[in-house]
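Presented below is the structure to which this report refers.
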Amino acid sequence: MNMLQKICLIFTVIGALNWGLIGLLDFNLVTAIFGKENMVTNAIYLLIGLCGLVNIWLIFANLNKNEK
């Protein structure tokens, strides 16, 4: 696992934990730390979303590699 994969995995887990807190306790950790609807909060959400897309790409890349 290279460094990009590890970083993306960490951010994806953070995003998943945040969604878990939202669903369970109606508590958004990102907005609690960085404030609601500001540029930093939006950048964090964007970064987590991009990391999720990288992880999806990695899953399919590994599936194709295992099929050969």
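The values are calculated or read from the model by the stated rules, or taken from the named source; none is laboratory data. Everything numeric in this text was worked out from a predicted model, so none of it was measured. Reconstructed Cβ throughout: ideal geometry from the backbone, glycine too, with neighbour counts over all protein chains shown.
No other residue among LEU58, LEU63, LEU9 is at pLDDT below 95, part of a helix (DSSP H, G or I) and under 9 Å from the mean Cα position of the chain (by Cα) apart from LEU9.
Whether a residue is in contact with an Asp or Glu (Cβ under 9 Å, 6 or more places away or on another chain) and surrounded by 10 or more Cβ atoms within 10 Å (Cβ to Cβ) was assessed, and THR41 does not pass this test.
Regarding region 33-49, can at least one residue be identified that is outside any helix (DSSP H, G or I), basic (Lys, Arg) and out of contact with any Ser or Thr (no Cβ under 6 Å at 6 or more places or on another chain)? Yes, region 33-49 has at least one match. On the given criteria, is LEU17 surrounded by 14 or more Cβ atoms within 10 Å (Cβ to Cβ), assigned to a helix (DSSP H, G or I) and at negative phi? No: the conditions fail for LEU17.
Can you confirm whether PHE27 is touching a helix residue (DSSP H, G or I) at 6+ places or on another chain (Cβ under 8 Å), surrounded by 15 or more Cβ atoms within 10 Å (Cβ to Cβ) and among the aromatic types (Phe, Trp, Tyr)? Considered against the rule, which asks whether it is touching a helix residue (DSSP H, G or I) at 6+ places or on another chain (Cβ under 8 Å), surrounded by 15 or more Cβ atoms within 10 Å (Cβ to Cβ) and among the aromatic types (Phe, Trp, Tyr), PHE27 comes out as no. Look at region 13-29: where a residue is within 17 Å of ASN42 (Cα to Cα) and a partner is of a type in the set (Val, Ile, Thr) and surrounded by 12 or more Cβ atoms within 10 Å (Cβ to Cβ), sitting 6+ places away or on another chain with Cβ atoms under 6 Å, you get GLY15/ILE48; ASN18/VAL30; ASN28/ILE22.
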